[in-house]
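To keep things clear, I will list the structure first and then write my remarks on it.
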Amino acid sequence: MDITALSVSQIVSKIKTKELKAKDVVLTYLTNIDRLDSEIKAYLNVFHDYALKRAEEIDNNPNKKGLLLGVPVAVKDNISVKDFELTAGSKILKGYIAPFDATVIEKIKEEGAIIIGKTNLDEFAMGSSTENSAFFKTKNPVNTEYVPGGSSGGSAAAVKANETLIALGSDTGGSVRQPASFCGVVGLKPTYGRVSRYGLVAFGSSLDVIGPIGKSVEDVAITLSVISGFDLRDSTTAKVPVLNFETYLTGDIKGKKVGLIKEIQNFKIQPEVEEAFRKSLEIFEKNGAEIVEISMPHLKYALSVYYIVAPSEASANLARYDGVRYGFEGNADNLRDFYEDTRTKGFGSEVKRRILIGTFALSEGYYDQYYLKASKVRRIIFEEFKRAFEICDVILTPTSPTTAFRFGEKATPLEMYLSDVFTIPVNLAYLPAISVPFGVDSKGLPIGIQMIGKWFKEEELLNTAYVLQEEAKHV
Ligand code: GLN
């Protein structure tokens with residue numbers, strides 16, 4: 001039996017009927033990691049002993065239940081897993097051992113998941129290629145000369161390379177969807193407030209959300225059901241019912257309205273991505289949906305708004321890394337110099353850039369011009385989405401304007417930022433969105449299509465994504 005070909009629900013049911021041992025599942029994935037990860041470098045830390053021990057516990061327990069029973073899950077290393085190192089891809093956290101589990105980790109453990117390791121990321125999730133990790137670069141398993149995307153590049157690469165079945169990532173401006181698109185896997189950013197952020201290393205607190213990455217919409221839907229829900233420890237979580245999302249994947253989208261943003265033609269898009277996008281629209285029409293044109297004149301400001309809001313929030317969130325409380329310690333004979341030395345040596349250049357921008361944008365005299373202004377435009381973008389969703393059920397865009405790029409290809413930070421033009425507006429508006437692989441370009445690199453859903457309507461969003469996934473099998 002090819003264990004890596006099994007879906008989440010197949011693994012769970014086979015372990016329940018004892019047709020399959022959790023240990024064999026874990027060993028299969030660990031063997032793949034041993035074989036491939038010296039090249040791919042998706043993992044910062046592999047939990048060999050822990051994962052095998054957990055698998056044995058499951059095999060020896062007569063009470064076999066759980067939506068993720070025996071399913072290997074890789075976790076982006078900005079999510080807290082008790083008793084293991086948590087680095088957020090930064091030198092400043094090196095050596096810090098997490099004293100508690102994030103809420104999502106508690107939840108997946110309760111449902112029988114086996115955490116197989118921690119995956120690489122851009123430092124503090126700031127980046128779009130995983131090249132900003134303080135430790136090493138992760139490669140795209142489709143073609144190792146290309147980046148896997150970011151910041152959850154390790155998570156997407158691990159899924160693609162069959163080094164795990166499911167991975168968790170975090171998405172502040174596209175970090176689950178863009179790497180999923182670059183690696184040819186499925187990545188979901190839930191509605192803000194659907195999933196608890198407790199135990200997620202904070203970047204932009206009004207934008208951050210944890211989301212699943214998997215090989216199929218079904219696997220991602222099951223994982224979403226497990227990690228969702230109101231949490232007393234995160235006051236921004238919403239009291240909305242947690243559905244069994246997988247049961248909504250009927251493939252029936254007749255009469256649904258798919259929004260096409262008129263202004264999308266003003267963005268520079270790789271021709272092959274553009275072509276795949278057009279084809280995906282036709283597919284929805286063929287399946288009985290209606291394409292409706294919507295207008296979002298302020299969409300073009302999303303990137304500028306994000307690069308004020310996200311760094312502002314980051315500059316406040318990252319103030320806590322002072323060398324006293326966590327991980328790496330600098331060297332000096334007085335406190336002020338100690339802080340300075342810790343932060344000079346501990347943070348990488350992209351993180352420093354964001355802290356400087358954020359501190360400036362929030363400073364007295366500039367706050368109104370930058371942060372307040374950006375917040376106002378954010379609100380306008382939110383309203384434009386709201387109006388759009390009065391006439392459509394889901395909005396379609398390419399996930400990223402291009403397929404994966406080569407290492408070092410994006411010479412300036414701004415060029416790198418542009419790879420998130422279509423994902424960032426979604427975070428600004430707190431919406432859910434998913435990236436589904438849809439064909440490849442002439443170099444064989446995966447293309448991703450993004451579907452954006454209504455607030456807390458993940459079931460509809462996932463069903464739309466399911467239609468595209470099934471059709472993609474025939475293109
Ligand atoms: N690439 C974007 C940034 O660098 C988004 C990152 C993310 O979603 N964590 O900020």
Return the long-range amide H neighbours of S129 (sequence gap of 5 or more, or a different chain), with a cut-off of under 5 Å between placed amide H atoms.
-> G150
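Note the full-extension length gain between E364 and K279 as 0.36 nm times their separation in residues minus their Cα-Cα distance, in nm to one decimal.
On the way: separation 85, 0.36 × 85 = 30.60 nm, distance 4.97 nm.
Length gained between E364 and K279: 25.6 nm.
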Surpassing 28 Å at the alpha-carbon level, of the pairs K18/K189; K64/K254; K268/K443; K268/K376; K376/K410, are K18/K189; K64/K254; K376/K410
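Which percent, to the nearest 5, of DSSP beta bridges fully inside segment 47-175 are antiparallel? Intermediate results must be reported in sequence, preceding the final value.
Values: 1 of 9 bridges.
Antiparallel: roughly 10 percent of the beta bridges in segment 47-175.
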Name the long-range amide H neighbours of T119: under 5 Å, sequence gap of 5 or more, or other chain; modelled H, no Pro or chain starts.
-> L44, V75, K76, D77
Grab the other residues whose beta carbon is less than 15 angstrom from that of G184, score K and R as +1, D and E as -1, and report the net.
-> +2
Along each of its three principal axes, how wide is the spread of alpha-carbon positions in segment 163-304, in whole angstrom units, largest first?
-> 42, 39, 34
Kirkwood Rh for segment 48-207 from C-alpha pairs, in Å, is 15.7
Which values, in whole Å and largest first, are the semi-axes of the equivalent ellipsoid of the chain obtained as the square root of 5 times each eigenvalue of the Cα gyration tensor?
-> 31, 30, 20
Can you tell me the relative contact order of the chain? Whole percent, Cα pairs under 8 Å, sequence separation 6 or more.
-> 17
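Tally Lys and Arg at +1 and Asp and Glu at -1 over the other residues with C-beta under 14 Å from the C-beta of A316: what net charge comes out?
Details: positive: R320, R354; negative: D208, E313, D322.
Here the charged neighbours net out to -1.
Take every DSSP beta bridge with both residues inside segment 154-298 and express the antiparallel ones as a percent of the total, to the nearest 5.
Details: 10 of 15 bridges.
If we restrict to bridges inside segment 154-298, about 65 percent are antiparallel.
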Over the chain: helical MRE at 222 nm, DSSP H runs n ≥ 4 each giving -39500 (n - 2.57), nearest 500 = -11500 deg cm²/dmol
Share, in percent, of DSSP beta bridges within the chain that are antiparallel, nearest 5 = 65
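Around G255, under 11 Å between beta carbons, what's the net of Lys plus Arg minus Asp minus Glu among the other residues?
Values: positive: K254, K256, K257; negative: D252, E290, D393.
Here the count lands on 0.
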What the 5 Å binned alpha carbon P(r) of segment 262-368 shows, as percent of pairs per bin from 0, is 2, 10, 13, 13, 12, 9, 9, 8, 8, 8, 5, 3, 1, 0, 0
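Against the globular-protein guess of 2.2 N^0.38 Å, express the Cα radius of gyration of segment 58-152 as a ratio, rounded to two decimals.
Details: Rg = 15.3 Å, N = 95, 2.2 N^0.38 = 12.4 Å.
Expressed relative to 2.2 N^0.38 Å, the Cα Rg reads 1.23.
Quick one, can you get me the convex hull of the C-alpha atoms of segment 1-134 expressed as volume per residue in Å³? Can you show the working numbers first?
On the way: hull volume 15.3 nm³, N = 134.
Spelled out: Cα convex hull of segment 1-134, divided by residues, is 114 Å³.
Where a number appears in this text, it was derived from the coordinates with a stated rule and is not lab data. Computed from a predicted model, the values in this text were never measured in an experiment. Don't worry about glycine lacking a Cβ; one is built from the backbone with ideal geometry, like all the others, and counts go over all protein chains shown.
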